[in-house]
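Accompanying notes for the structure given below.
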Amino acid sequence: MTIKIGKKNILKAGDPFIIAEAGINHNGDINIAKKMILAAKGAGCDAVKFQTFKASEFCGDPQQMFTYTSQGKEVTESMLSMFSRYEFTKEQWQELKKYCDENSICFLSTPQNVSDLHLLLSIGIDAIKVGSDDFTNIPLLKEYKKANLPMILSCGMANLADVYYALEAIDAIHNPSAKVILCLCTSQYPTPPNDVNLNKLHTLESAFPNIIKGFSDHTQGPLASSLAVAFGAVVFEKHFTLDNDYPGPDHWFSENPESLEHWCQSIRTAHIMLGSSLVAPTKSEQEMKSLARRSIVALKDIKNGELLTIDNIGLRRPGNGLPPSTFDKIVGLKATKNILKTELIEFGDFSNV
């Protein structure tokens with residue numbers, strides 16, 4: 001199964017597809033958003049992802065409060081007021097999409113509602129990213145499926161039954177042509193090491209072997225995603241910011257441009273390190289075999305007709321002669337020529353006659 005997002009082909013065990021999650025870390029400023037696009041591109045990411053919403057359509061209670069850490073302090077405010085600051089207009093989204101195109105990086109954004117998806121479809125998107133908050137929103141998933149675009153689903157806060165119902169709702173479990181990527185996720189910001197549980201990727205692979213896996217990484221640093229490569233994840237996303245000291249709920253734990261680049265490079269290096277499953281020496285190891293392994297050599301001058309013994313032959317470098325495995329087989333045989341000390345013993349140098 002191959003899923004195409006933008007210019008990238010995504011498949012199991014394929015090259016990583018890496019998403020820089022800008023989220024709301026633009027603080028509602030389109031110029032910051034553009035700088036984030038450039039930072040994501042500079043870090044080597046394949047895509048940059050935002051969040052498209054109208055706060056009033058998913059924050060139902062204007063009195064619902066939200067407490068978060070910002071600039072080292074605890075802040076409590078209305079959730080509606082907070083998210084309202086991070087809204088962009090359709091024209092601004094069009095501008096950001098165009099800016100991504102101009103800088104050759106894939107534009108993605110998570111819609112919160114069907115109306116947000118329609119906005120994104122009107123400006124052109126290559127995939128739909130569904131956050132963990134809507135993973136069990138079955139009516140919404142079914143609506144999103146109608147767009148017939150690849151869907152990237154994060155399953156934070158879900159149990160295995162939740163995952164099954166979500167995938168079943170979009171006909172992804174037994175449908176080999178389903179364009180769905182399932183991302184392991186822990187909805188803790190940041191996620192401590194003891195709650196990452198990368199072994200879940202094995203569970204998800206066993207339960208849903210036909211579906212490509214990813215990792216929505218909320219840890220700090222590159223280690224978790226690098227390990228997830230070895231667990232079969234090929235799609236990755238991570239929050240980043242231009243400055244960890246910016247005001248807002250997500251900046252303090254997000255990667256900055258420098259650490260984002262390190263994260264991205266670590267994933268790609270981990271993928272390269274997986275390499276081949278064929279147990280065989282590499283090209284460089286073939287050369288090292290000659291230098292480091294041993295061959296059968298003459299320990300002293302040996303005359304024609306003299307017996308080969310443990311006193312006059314031994315195992316020494318280099319390793320481009322007869323291997324040690326033949327040593328016991330030629331002890332007791334007769335030399336068929338004069339052999340000088342340190343010379344490699346070769347086939348034809350001995351006989352049992």
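The values are calculated or read from the model by the stated rules, or taken from the named source; none is laboratory data. The shown structure was predicted, so the numbers you read here are calculated from the model rather than taken from an experiment. So basically every Cβ, Gly included, is an ideal-geometry build from the backbone, and we count neighbours across all protein chains shown. The area values use the complete protein model at the heavy-atom level, side chains included, leaving out ligands, DNA and RNA. Shrake-Rupley method; radii C 1.70, N 1.55, O 1.52, S 1.80 Å.
Below are the figures for this structure:
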item	result
Above-threshold pairs, the threshold being 23 Å between Cα atoms, out of Lys35/Lys179; Lys73/Lys129; Lys7/Lys97; Lys7/Lys200; Lys303/Lys329	Lys35/Lys179; Lys73/Lys129; Lys7/Lys200
Per residue solvent-accessible surface (Å²) - segment 194-275, probe of 1.4 Å	43 Å²
Dipole magnitude of segment 268-319 about its Cα centre (Cβ charges: Lys, Arg +1; Asp, Glu -1), debye to nearest 20	200 debye
Listed residues Leu315, Leu308 arranged by accessible area, highest first, probe 1.4 Å	Leu315, Leu308
For Val196, solvent-accessible area (1.4 Å; no DNA, RNA or ligand), Å²	10 Å²
Glu306-Met273 FRET efficiency (beta carbon distance; Förster radius 45 Å; 0.05 resolution)	0.30
Rounded to the nearest 20 debye, dipole of segment 129-251 from Cβ charges on Lys, Arg, Asp, Glu	440 debye
Cα lying deepest toward the dipole's positive end in the chain, options Asn199, Val48, Thr136, charges on Cβ	Asn199
Nearest-20 debye value, the chain charge dipole, Cβ charges on Lys, Arg, Asp, Glu	1640 debye
Listed peptides 207-216, 289-298 by packing density, highest first (mean Cβ within 10 Å)	207-216, 289-298
Most to least accessible of Ser104, Ser81 (protein chains only, probe 1.4 Å)	Ser104, Ser81
Listed residue (Ser259, His271, Thr219) projecting farthest to the positive dipole end of the chain, Cβ model	His271
Mean accessible surface per residue for segment 1-140, computed with a 1.4 Å probe while every protein chain stays in place, in Å²	44 Å²
Asp46 - accessible surface, heavy atoms, 1.4 Å probe, Å² rounded to 10	20 Å²
Share, in percent, of DSSP beta bridges within the chain that are antiparallel, nearest 5	35 percent
Accessible surface of the chain [probe 1.4 Å, protein heavy atoms]: carbon and sulfur percent	52 percent
Among Pro150, Phe350, Pro62 the positive-end extreme of the charge dipole of the chain (Cβ point charges)	Phe350
Computed accessible area, Thr89, all protein chains, 1.4 angstrom probe, square angstrom	70 Å²
Neighbourhood net charge (15 Å Cβ-Cβ; Lys/Arg +1, Asp/Glu -1) for Ile313	+2
Heavy-atom accessible area order for Leu274, Leu184, largest first, 1.4 Å probe	Leu274, Leu184
